[in-house]
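Just so it is clear, none of the values below were taken in a lab; they were calculated from the coordinates. If you're wondering where the values come from, they're calculated on a predicted model, not measured in any experiment. Note that we place each Cβ from the backbone using ideal geometry, even for glycine, and neighbour counts take in every protein chain shown.
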Amino acid sequence: MNNLSEFSKAYYQEHNIYKIFSEAEDYPDFIFQSLENEFYDKHILDLGCGNGKYSNKIQPICSSLVSADKSFEQLSH
């Protein structure tokens, strides 16, 4: 595994590895906490949502949310 790009084995076949790295990138929730106030009562489009990590956090506080990713494997997690 050289990277976690959309073409890597980790992205398509070893989802747990991608999830671990994704969570470590934002430890301890710095990105979400920095932007949280921007999501309140807004209509959000989360393109490239991956496994929905942020979509799950945004959904309870926004007016509406549409999430999409070109990887069905990521969406299924």
* Between Asp29 and Gln59, what is the label-to-label distance in nm when each label sits 7 Å out along the Cα-to-Cβ direction? -> 1.7
* Asked: Taking amide hydrogens as modeled 1.01 Å from N in the peptide plane, which residues meet the under 5 Å criterion relative to Asp46, leaving out close sequence neighbours?
  -> Val66, Ser67, Ala68
* Whole-Hz ³J(HN,Hα) from phi, Karplus 6.51 cos²θ - 1.76 cosθ + 1.60, for region 52-66, glycine and proline x -> x, 3, 7, 4, 5, 7, 6, 3, x, 10, 9, 6, 8, 9, 10
